1. Being of a type in the set (Gly, Ala, Ser), part of a loop (DSSP other than H, G, I, E, B), touching a residue at least 12 places away in the same chain (Cβ under 8 Å) and crowded, with 21+ Cβ neighbours inside 10 Å: is that true of Ser302 here?
2. Scanning region 265-299 for residues that are among the small types (Gly, Ala, Ser) and assigned to a loop (DSSP other than H, G, I, E, B), which turns out nearest to the chain's Cα centre (by Cα)?
3. Does region 62-72 contain any residue that is crowded, with 17+ Cβ neighbours inside 10 Å, touching a Gly at 6+ places or on another chain (Cβ under 9 Å), touching a residue at least 60 places away in the same chain (Cβ under 8 Å) and of a type in the set (A, V, I, L, M)?
4. Looking at the structure I just gave you, is Gly58 modelled with pLDDT of 95 or more and surrounded by fewer than 18 Cβ atoms within 10 Å (Cβ to Cβ)?
5. Determine if region 267-276 includes at least one residue that is within 22 Å of Gly147 (Cα to Cα), touching a Leu at 6+ places or on another chain (Cβ under 9 Å), at pLDDT below 95 and of a type in the set (S, T, N, Q).
6. Could you look through region 36-53, keep only residues that are β-branched (Val, Ile, Thr) and in contact (Cβ under 8 Å) with a residue 24 or more places away in the chain, and pick out the one that is surrounded by the most Cβ atoms within 10 Å (Cβ to Cβ)?
7. Among (1) among the aliphatic types (A, V, I, L, M); (2) in contact with a Pro (Cβ under 7 Å, 6 or more places away or on another chain); (3) in a strand (DSSP E or B), which single condition is Leu135 missing?
8. When only residues in region 81-104 that are more than 14 Å from Val238 (Cβ to Cβ) and part of a helix (DSSP H, G or I) count, which is modelled with the lowest pLDDT?
Amino acid sequence: MPACRSATRPCCALLLLDPDSPFALRWTALFQLAPWLVRFVRQSLPGATRANAVALAGLLAEALPAWGEMEQEAGLQDLMRRNGCLYLYRRESDFAASAGGRALRAEFGVHQEVLTPQQVAVLEPRLPAIGARGLYFPDSLNVTDPGMVMRRLFDAVVARGASLAKAEISRLQAGDGGVELSGPGFRVRAKTVVIAAGARSRALAAQAGDSVPLETERGYHLEFSTEAALLNRPVCPVDLGFYMTPMAGRLRVAGTVELGGLAAPPNPRRLALLDRGVRQIFPQLGKPSSEWLGFRPSLPDSRPVIGLSRRSPGVVYAFGHGHLGLTLAPITARLVADLIAGRGDAARVAPFAADRF
């Protein structure tokens, strides 16, 4: 949860009291969220924060090489853009407050460059002039059309012999004969089952015998049709808490955090917040061409759950990646494939075990 993880606990409380902050909580879900929030506060203490950063840094170091392999295998080269991403600091106080994060990234070898307003203007000439700094990550990779990426990946796995069955899975039962999945009008038994159901993984993991404190960060998205690209790369105005990402024929505005579970309807205030925010940068935008709510599976320590279930043989976990789902997908897939094939390194995935809680 980057909007709050790097802040102090009092700052999180202040964000909750500000109706226009990038971090919000549905108070009707507070009772349900309380155990998760307590764990989150504990994981935000300095020692735990560092341990979590070390664990994630190990995965992130392998993320781009893994994407490179998948890009070649699935023919994704024309959908990948390697020109970095940019944090935009419109106030000097925000840049000063980010010093701890910059130092931690530098310690882990992340390539980052502090830019003057003039240097920001060279990278992004259509942005309005800013008053403070930019922070540029030149090694960052982004995709121009996520939907097309998924379609090509699907075609690639089908070409290798995979098949697709669409069904609602409500029950998992593991035994000596394998793992049975079932739901309305559907039943299948397999030797190995990978639970990669995102924010809906907790109930299935519980049926496999693992209690995982998975909660949902509700992420809101707006898209605006554009005849010409307004940006050359993803840009995050840090005080607004969202990313503006140029895509094929459109600008996507997505981010902020709302805690509130899976069942509540979309909150129009969060969509309006994104709309007002992006118009501070690009006031000429028309009406959004699409808007939607997605669910990020979030663990209180910000680590995903990757590995074998210790209570149900044949069940493998790959969920809970929070804001890093697309980033860590290929390296997670590689780790899971190695575990299924019996060549995985148990120590490698130990920091992400389901029973770490």
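The values are calculated or read from the model by the stated rules, or taken from the named source; none is laboratory data. All of these numbers come straight from a predicted model, not from anything done at the bench. All Cβ positions, glycine included, derive from the backbone under ideal geometry; neighbour counts span all protein chains shown.
1. yes
2. Ser289
3. Within region 62-72 (the criterion being crowded, with 17+ Cβ neighbours inside 10 Å, touching a Gly at 6+ places or on another chain (Cβ under 9 Å), touching a residue at least 60 places away in the same chain (Cβ under 8 Å) and of a type in the set (A, V, I, L, M)), the answer is no, since none of the residues qualifies.
4. No, not satisfied.
5. There is no residue in region 267-276 that is within 22 Å of Gly147 (Cα to Cα), touching a Leu at 6+ places or on another chain (Cβ under 9 Å), at pLDDT below 95 and of a type in the set (S, T, N, Q).
6. Among those residues, the one meeting the criterion is Thr49.
7. Exception for Leu135: condition (2).
8. Out of the qualifying residues, it is Leu104.
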